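The values are calculated or read from the model by the stated rules, or taken from the named source; none is laboratory data. Owing to the predicted nature of the structure, the values given are computational and were not obtained by experimental measurement. All Cβ positions, even for glycine, are placed from backbone atoms using ideal geometry, and neighbour counts span all protein chains on display.
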């Protein structure tokens, strides 16, 4: 299989729409488009990277009543008994952490602290088909999170974790370690690693053709050029793929 960590850099200029069209061209129509409810938490997020996966499961036991000191360290108490998330140890620079949460109740698995920790470890994005919490802080921090909904509750008494880097179903699609996962304002998708090179080649051609057409319209309307119509820069960047 290709080195998707090296190839992920070539997705730098791609919109999810370019990649969606390229996936159509290689016979993967709609198969890897995540549930449309999974969206960037704040406008302007765009990330592409190989997946690191973790699966959340509903807990079948509640957290007991806690005094104040134990409430502060409730995550440590819960993880000591039921196992910690563990995905942070698997993070590689450039990866996207994908969390599958099928069947879990409202639980803010990713919040302002632990999501930022993943970024500090080198993740370029955090994606879940479940909930994120502390969303005001996540937005203020510009932490690149895509999620299905905003939540309020914490992990202890609600969720346990398993399956680091096992195949998961997230947002209705298969995600495996190393598949490239992408996100922007139009939604989220997966590029299976066995078609990634064909997708890059096709998406690059689609991107450049679109930029040429839109630049002609910019000129007709006397609009100043921006990076999205930098045809020469795109052609130079993708010179080995066009």
Item to complete: Would you check if there is a residue in segment 90-97 being surrounded by fewer than 22 Cβ atoms within 10 Å (Cβ to Cβ), over 16 Å from residue 156 (Cα atoms) and over 15 Å from the mean Cα position of the chain (by Cα)?
Response: yes
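Is it the case, given these coordinates, that residue 160 is touching a residue at least 24 places away in the same chain (Cβ under 8 Å), in contact with a strand residue (DSSP E or B) (Cβ under 7 Å, 6 or more places away or on another chain), farther than 17 Å from residue 90 by Cα and part of a loop (DSSP other than H, G, I, E, B)?
Criteria not met by residue 160.
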Worksheet item: So is residue 56 more than 18 Å from residue 192 (Cβ to Cβ) and crowded, with 20+ Cβ neighbours inside 10 Å or not?
Response: yes
Practice prompt. Filter segment 14-27 for residues that are part of a loop (DSSP other than H, G, I, E, B) and surrounded by fewer than 20 Cβ atoms within 10 Å (Cβ to Cβ) and give the result.
Written response: 15, 26, 27
Discussion item. Looking at segment 179-192 only, could you name the residues that are surrounded by fewer than 20 Cβ atoms within 10 Å (Cβ to Cβ) and either assigned to a helix (DSSP H, G or I) or in contact with a helix residue (DSSP H, G or I) (Cβ under 8 Å, 6 or more places away or on another chain) (or both)?
Written reply: 186
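Please verify whether segment 66-75 includes one or more residues that are buried (at least 21 other Cβ atoms within 10 Å of the Cβ), touching a helix residue (DSSP H, G or I) at 6+ places or on another chain (Cβ under 9 Å) and either in a loop (DSSP other than H, G, I, E, B) or outside the structural domain of residue 150 (by TED's automatic domain parsing) (or both).
no
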Worksheet item: Does residue 65 qualify as being within 19 Å of the chain's Cα centre (by Cα) and free of Cβ contacts under 8 Å to residues at least 24 places away in the same chain?
Response: no
